[in-house]
C-alpha cells in the first residue's frame, strides 16, 4: 500500500464527483428495482387508456377541441412523472435513513446542497424515464401533437424537480414507513385527480374552478398539456412562475432543515 | 487548539434534547501518526465524541479541529481527512461490496476509474474480493466489519476512526485485521480505536485516553499507564495436583482448582524467586499466564474508582475475555 500523503483538498472537484456519484447510485437503484420503478406506471397508463380513453372516452366526445384520449394523454404522462419523482426521492432517501447508509454521505465532505441536488436529480431522472415509458404507451393508443417542445421539457423538468424536492422533504421528516406513504396517499393522489388530468376545469361550477386554481398540480398539468396541444385552463407563464417559486422555496426549506440536522443528526 | 494535531478537541460539551449530558468538557489531542485508544464503559461518551468529530452529532459547545481544519469553519476540509468505521453496520444491504466502496470513494471526490483500482486493492487486502459481487446482506458479520474498513479506506484518509471494529469478529479474523491496521498505521495513517477488547488496545495502541461519565478520566502513553499497575495476578498450571495452596512468604496465593495456582506479584517482587521457591517445594509449573490483561486491570480500577456498579465492571471483564459488554 502507498504511504498516506497530505494532498491538497479540492472541494469543487469533490462536490462534482460526489454529485455524479449520488446520481449514478440513484440510476443504479432505479434499474436494479425496475419492476417497482418503471413498470407499474406503464401498466397503470395502459389501464387508464383502455378504460377512460377507449371505453368511456368514446362517449365523452371532444374536450378542448381534441378527442378525449388525446386530451388525457399529457395529463397521464404528467401524473406518472409527479408520482415517480416524488416516490423516488422519498423512498430512496428514507431508505438511506432507515438503513443508516445516509451516514455514508453525511460523513463525507459533501455540503447538504449537493446531497439535495443529487437526490433531486435522481428523482427527476426517474420521473423522466417513467415519462418516456408512459409517452411510448400513449403512442400505442393515440397520436401526440407537439405544439411547443421547450414548454413540454420545461414543464416536465420543473414539475419533476418540485416533486423530488417534496419527496425529499417528506423523507427528512418521516420517522417510519407509514409517514412515507401518508403524503402520496392523502395529499398527492387527490390533488392529482383534481388537477385536470382527466377533465378541463371549465366543466366545473365556478366555485370549484376557483378552488381548482389553488391546486398547484392543475397548473403543472395544464402547462404540460399546452406544450402538446396548445390548450390550457391556466396562464402558462403563471404556471411556470409558480413552479419555479415552489422549487426555490422547497430547496430553501430543505437546506435549512438539513443544516440544522433535522431528522438526520442528533 | 493544537493546529499540528491530527485531532484536537477543546471544551467539548454535548447535551442531548432529553437533557442527558453525554460530554462534559472534553479536551483531547491526538498526534499525527499515532495509534490511539479511546476506551470507556458503555455510555461513557465515546460514540458521541466520534459522532461529533465525524459530524453525525451536533455539538452543544466546544471546538474540534482535524489536521488544523476547524469543523465550525472548514467542515468539508476536515471531513475529507477522516475515514470512519462506525459501530453499527451502515451500508446499503442490497448493494454489492464493490458498489458500496466505489460509491463511497465518489463521495470523497475519487474518480470511478481510480475508485475501481482501489476497490480491488482494499477488498483483496481485507479478503473480500471473492465476495465483491455478492449482495452485502449475505456477508457474514466479520465480512461486514471488514467491508466497512475497506470502505473507510477508499479515499485514503489521514485519520481513521474505528468504533469497535472487531466486535463480534472471531479471533483469527481479528488478528488479521490487527495486522492490517498496523500496516496502514506504519504508512502514516493516524488511527483512533475504540474497543471493548482491552487486549486489542494494549496490543495495538501507543497512546490512550479513558473516557468516563463524559469526561477524560485518564490520558497517557500506553506504556506509562501500564507501568502504573502495581500488582499483577499470574495463573500457573501445575503438573501435579495440590490439596492446598503453598504458603510463599510475601506472596498471596490461592488455588482455583487442584492444578491451578494463582499468585499476586507486586512490582517490587520478581518471578525468579517464585519459581525457585516452588521448585524447592517440588511443585512443577507447566505454563503461566496473566489472570487478566494488564490494561483491563487498570481500566477496571479506574472505572470502579469513579463509582461504577460491580455489574458494569463484570460486563467489561466478560467483554475483555471475548464476549460483548
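The values are calculated or read from the model by the stated rules, or taken from the named source; none is laboratory data. Just so we're clear, the structure is a prediction, and the values are computed from it rather than from any experiment. Note that we place each Cβ from the backbone using ideal geometry, even for glycine, and neighbour counts take in every protein chain shown.
What to note about this one:
- For the range B:73-87, residues that are within 17 Å of residue B:32 (Cα to Cα) and either in a strand (DSSP E or B) or more than 7 Å from every other protein chain (Cβ to nearest Cβ) (or both) total 5.
Results for (1) surrounded by fewer than 15 Cβ atoms within 10 Å (Cβ to Cβ); (2) assigned to a helix (DSSP H, G or I), shown as yes or no for each residue.
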| residue | (1), (2) |
| --- | --- |
| A:210 | yes, yes |
| A:219 | no, yes |
| A:232 | no, no |
| A:238 | yes, yes |
| A:242 | no, yes |
| A:245 | yes, yes |
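- Any hit, the range B:157-169, residues being surrounded by 21 or more Cβ atoms within 10 Å (Cβ to Cβ) and closer than 13 Å to residue B:105 by Cα: yes
- Some residue of the range B:11-32 being within 11 Å of chain A (Cβ to nearest Cβ), in contact with a strand residue (DSSP E or B) (Cβ under 7 Å, 6 or more places away or on another chain), assigned to a loop (DSSP other than H, G, I, E, B) and at pLDDT below 95: yes
- Here residue B:46 qualifies as crowded, with 23+ Cβ neighbours inside 10 Å and at pLDDT below 95.
- Of residues in the range A:154-179 being part of a helix (DSSP H, G or I) and free of Cβ contacts under 8 Å to residues at least 24 places away in the same chain, the one farthest from residue A:232 (Cα to Cα): A:178
- Among residues of the range A:33-48 that are under 17 Å from residue A:142 (Cα atoms), those with a Cβ under 9 angstrom from a residue that is surrounded by fewer than 16 Cβ atoms within 10 Å (Cβ to Cβ), sequence gap 6+ or separate chain, pair up as A:42/A:136; A:46/A:140.
- Taking each residue of the range B:82-96 that is without any contact (Cβ under 8 Å) to a residue 12 or more places away in the chain and looking for partners that are surrounded by fewer than 17 Cβ atoms within 10 Å (Cβ to Cβ) and outside any strand (DSSP E or B) with beta-carbon atoms closer than 9 Å, six or more apart or interchain, yields B:88/A:100.
- Leading residue by the ranking (farthest from the chain's Cα centre (by Cα)) among those in the range B:133-146 that are closer than 22 Å to residue B:181 by Cβ and surrounded by fewer than 18 Cβ atoms within 10 Å (Cβ to Cβ): B:140
- Elements of the type helices (runs of 4 or more DSSP H) sitting completely within the range A:47-132 and holding at least 2 residues that are more than 14 Å from chain B (Cβ to nearest Cβ) and within 19 Å of residue A:152 (Cα to Cα): these cover A:68-98.
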